[in-house]
1. Evaluate the following for residue 69: is it assigned by TED's automatic domain parsing to the domain that holds residue 11, at positive phi, loosely packed, with under 10 Cβ neighbours inside 10 Å and not polar (S, T, N, Q)?
2. Got a number for residues in the stretch 110-150 being outside any loop (DSSP other than H, G, I, E, B), surrounded by 12 or more Cβ atoms within 10 Å (Cβ to Cβ) and among the small types (Gly, Ala, Ser)?
3. Looking only at the stretch 21-63, count how many residues are outside any helix (DSSP H, G or I) and either at pLDDT below 90 or among the aromatic types (Phe, Trp, Tyr) (or both).
4. Specify which of the listed residues (62, 50) is assigned by TED's automatic domain parsing to the domain that holds residue 14 and within 16 Å of residue 12 (Cβ to Cβ).
Amino acid sequence: MVESEPDEKLLIETAQRDPRLFADLYRMHFDRVYAYVARRVATRSDAQDLTAEVFQQALANLGRFEWRGVPFAAWLYRIAANAVTDHRHRSVRDQQVPSDTEPEREEHERAERSASLYRAVRELPTDQRRVIEMRFAEDRSIGEIARVLGRSEGAVKQLQFRALGNLRVRLDRDDG
């Protein structure tokens, strides 16, 4: 049951004088604040933790609350919105902080894959290697490659197809 404004104002003033009486405000608004938070976070435990944080902050700052005719719930929702935003920022920041060895390992793995690819390209038959180098390293079109090699576009496409198939086989063999 939502209290009328004068009753809510009286409860706030009473709780400001004696923080132990904040429990009435807590009981009156808990369900709505919890529902608000729960709709905005991924887990139930996060919703419980953040709701507790909202009411802790509200109690800690109750002395600074000024009645302006706006429901007390609006103030609680503002605290809840800030708590949810802070939670999201912490979650994103925590996910972006890799372990110390992770970047080095990833960089090493990338370097190994690149080295394997370069070795595999070097092992291709000359025409296939030239097509792959021109197509992907030099970023040339099929038409340009055909003119340079003096071949038809269809022949260049076939060379590229065979080269990519050979690379796939060689790279799979290196990985296995």
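1. Considered against the rule, which asks whether it is assigned by TED's automatic domain parsing to the domain that holds residue 11, at positive phi, loosely packed, with under 10 Cβ neighbours inside 10 Å and not polar (S, T, N, Q), residue 69 comes out as yes.
2. 3
3. The qualifying residues number 1.
4. Of 62, 50, the one residue that is assigned by TED's automatic domain parsing to the domain that holds residue 14 and within 16 Å of residue 12 (Cβ to Cβ) is 62.
The values are calculated or read from the model by the stated rules, or taken from the named source; none is laboratory data. Since we're looking at a predicted model, the values are computed, not measured. When we count neighbours, we look across all protein chains shown, and the Cβ atoms used for this are built from the backbone with ideal geometry, even at glycine.
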